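Have a look at the structure below before the remarks.
The values are calculated or read from the model by the stated rules, or taken from the named source; none is laboratory data. From a predicted model like this one, the values you see are computed outputs, not experimental measurements. Here the Cβ is made from the backbone with ideal geometry for all residues, glycine too, and neighbour counts use every protein chain on show. Note: accessible area is taken over every heavy atom of the protein model, side chains too, but ligands, DNA and RNA are not part of it. Shrake-Rupley method; radii C 1.70, N 1.55, O 1.52, S 1.80 Å.
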Amino acid sequence: MTNVTAKILSALQKIPPGYLNIMGYVDESEVNGPGFRAVVWVQGCPRECPGCFNPSSWSFEINQLVSVEELAQKILSNPRNTGVTFSGGEPFWQAPALTEVAKRVKAAGLNVMSFSGFTLEQLQSKSAPLGSSELLEQLDILIDGPYIESLAIHSPESPVSSSNQKVRIFNPAFQDKITWASDQIEIHILKDGTRIISGFWGQMGLE
């Protein structure tokens, strides 16, 4: 176990069983996967990739704690959500709790997608974060690989942000539904007046 991994695991132990530590949440997103989607941004990622879309998600310190049950109910309470996307941060560091969320929303007919800085091969290896294989089993779509700024793609036709990333379609029903583009912007204005800006161009000084 590396020192980095040990620090991550120590930080994750502060999350109560049955809970997630998240950075943010929105309903009805159209730039984070097919259709209208709930998006859950988890808190914590050690990569700190240059040009990262969500640098505020890097820290593993507690941000917002939400129970698996509460989060699943929140996703399902909006009838326009046809699926949920896990983003971050690195979702697979909180794979066990996300797996439980995924099971609940899939039982209600929603689909599940995730981004990950890990490659699929890494997630299938013995060194993968705890619960990775179980979360993979719940996914309809995975976009894997770290964001690499020198390989960035700025195209209204690309669902990935850098050319090293891959779209893994586990559910054949989504083979012809990869129609969103990472090079889009979406602004959600919440009830308290705060804004969540999603999509690559959300990082272009609009915060």
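Rg over Rh for the range 112-182 works out to 0.98, using Cα positions for both radii and the Kirkwood form for Rh.
For the chain, the share of accessible area belonging to carbon and sulfur comes to 53 percent (1.4 Å probe, ligands and nucleic acids excluded).
More than 27 Å apart: what percent of Cα pairs in the chain qualify? Above the 27 Å cut-off, the chain has 24 percent of its Cα pairs. The residues of the range 1-139 expose, per residue, 46 Å² of accessible area to a 1.4 Å probe. For the range 127-142, 3J(HN,Hα) computed residue by residue from phi via the Karplus equation (6.51, -1.76, 1.60; θ = phi - 60°) reads 8, 5, x, 3, x, 4, 5, 5, 5, 4, 5, 8, 7, 8, 9, 10 Hz, glycine and proline entered as x. Going by the alpha-carbon gyration tensor, a ≥ b ≥ c the square roots of its eigenvalues, is the range 102-148 rounded (a/c under 1.5) or, if a/c is not under 1.5, prolate (a/b greater than b/c) versus oblate? Judged from the Cα gyration tensor, the range 102-148 comes out oblate (a/c at least 1.5, b/c at or above a/b). Dipole of the range 1-158 computed with +1 at Lys/Arg Cβ and -1 at Asp/Glu Cβ about the Cα centre; of S150, G24, N63, farthest Cα towards the positive end is N63.
On the basis of the beta-carbon distance and an R0 of 30 Å, I178 and S59 show a calculated FRET efficiency of 0.45. Structure note, pairs K7/K126; K126/K177; K106/K166; K74/K126; K14/K166; K7/K166: Cα-Cα distances above 26 angstrom occur for K126/K177; K74/K126; K14/K166; K7/K166. For the range 43-109, the convex hull spanned by the alpha carbon atoms encloses 95 Å³ per residue. For the range 1-115, a simple Cβ point-charge model (Lys and Arg +1, Asp and Glu -1, everything else neutral) yields a dipole of about 200 debye relative to the Cα centre.
Under 1.5 on a/c is rounded, so check that first for the range 1-94, then, if it is not, pick prolate when a/b is larger than b/c and oblate when it is not; a ≥ b ≥ c are the square roots of the alpha carbon gyration tensor eigenvalues. Verdict is oblate for the range 1-94. In order along the range 161-175, phi translates into HN-Hα couplings of 9, 9, 5, 6, 6, 10, 9, 9, 9, 8, 10, x, 5, 9, 4 Hz, rounded to whole numbers, per the Karplus curve 6.51 cos²θ - 1.76 cosθ + 1.60 with θ = phi - 60° and x for Gly and Pro.
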